[in-house]
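The values are calculated or read from the model by the stated rules, or taken from the named source; none is laboratory data. Quick caveat, the model's predicted, so the values are computed rather than measured. A quick note on method: Cβ atoms are made from the backbone with ideal geometry, for glycine too, and the neighbour counts reach across all protein chains shown.
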Amino acid sequence: MQHDKALPEGKSGLMGKPMDIKVTALIMAGKRSGVHDPLAQRAGVSQKCVVPVYGVPMIERVVKEVSGCPEVGAIHVVAHDTDEIKTLPTVASLMAEGRLHFREGKFNLVDSVFSGAEGATFPLLITTADNCLVTSEGYSEFIGKALAEEAGAAAALARKQDVQAADPEGQKKFYEFRDGGYSNCNTYWIGSEKALGAAEIMRQGGQFVKFPKRIAKAFGLLNLIRFYFGWGTKEKIFAQVSRRFGFKMVPIVMSRGEYAIDVDNERTFTVTELLLAKKEAAGG
């Protein structure tokens, strides 16, 4: 497939000024084939991504925050059913501007990422339609850190203590490294077409904590052993994985624990609404 060339990272343009890098954002908004999500069923909609959370459909929230990130240019929404999504105000406005485009959702997440990357300008920011707590500032933080690291691919992580501070009764399992526990924020970076192969990491959802065999499949048995027993820091583990893939993969530690909370079920739905209400009350 044809893609625009990746913009050079860490390089200077004319007169020594930094190049204005615009990232293409992929928002994954697919749904499981033949399954009516319980949250969608309760809300009376056909798919989870349009379920209102604190009065606003999930994907409307995510699109608004992504589009408000100054480093993001084009936005590709990867979805199976676009009819409900297209009617949302922010989505409709960005479509009219020619900034937001839809790409076809595929059978699995990895193929959906490849579909979303069609015609995209690299680098790519990949996030999910249920990441209702990640803000424009959060996406800017992630992009800035990925560019500073000159990452071929990257994954956003939140510190265990930060996640537990945001949601004390929530997540119990974390990625445990020598330098502490971390949680996945479902936000990823693909720096170039070569690095697009890193999308294989997300096949079957990428829930490595729950399904260790997926680590072995993606990274190799030795890295699984290192990962499982916490041998080394996260940077060391990612460096080992980088050698296997042939390009630099880095962990990006985010400043806020709530970025790791997405809307998966009734419990996380309730937690997300409470955190959004708290943020609004604080004037955020």
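In the range 29-52, the qualifying residues are those that are in a helix (DSSP H, G or I) and under 21 Å from Phe102 (Cβ atoms), and the one that is nearest to the chain's Cα centre (by Cα) is Cys49. Within the range 174-193, residues that are within 23 Å of Leu133 (Cα to Cα) reach partners that are assigned to a strand (DSSP E or B) and β-branched (Val, Ile, Thr) with beta carbons closer than 6 Å, at six or more positions or on different chains, in the pairs Asn186/Thr128; Thr187/Thr127; Tyr188/Ile126.
Within the range 54-68, being crowded, with 22+ Cβ neighbours inside 10 Å and either hydrophobic (A, V, I, L, M, F, W, C) or modelled with pLDDT under 95 (or both) holds for Met58, Ile59, Val62, Val63, Val66.
Among the residues making up the range 223-278, a single one is hydroxyl-bearing (Ser, Thr, Tyr), at pLDDT below 75 and in a loop (DSSP other than H, G, I, E, B): Thr233. Considering the range 1-48, the residues that are under 20 Å from Lys145 (Cβ atoms) and small (Gly, Ala, Ser) include one that is modelled with the lowest pLDDT, namely Ser12.
Note on the range 22-48: residues that are over 19 Å from Gly68 (Cα atoms) and touching a residue at least 60 places away in the same chain (Cβ under 8 Å) amount to 6.
Scanning the range 104-136 for residues being surrounded by fewer than 23 Cβ atoms within 10 Å (Cβ to Cβ), of a type outside the set (Gly, Ala, Ser), outside any loop (DSSP other than H, G, I, E, B) and touching a residue at least 60 places away in the same chain (Cβ under 8 Å) gives a total of 3. More than 24 Å from Phe114 (Cα to Cα), part of a strand (DSSP E or B), within 21 Å of the chain's Cα centre (by Cα) and modelled with pLDDT of 70 or more: does that describe Tyr182? Yes.
Evaluating Lys160 against the criteria (1) in contact with an Asp or Glu (Cβ under 9 Å, 6 or more places away or on another chain); (2) touching a residue at least 24 places away in the same chain (Cβ under 8 Å) leaves one unmet condition, (2).
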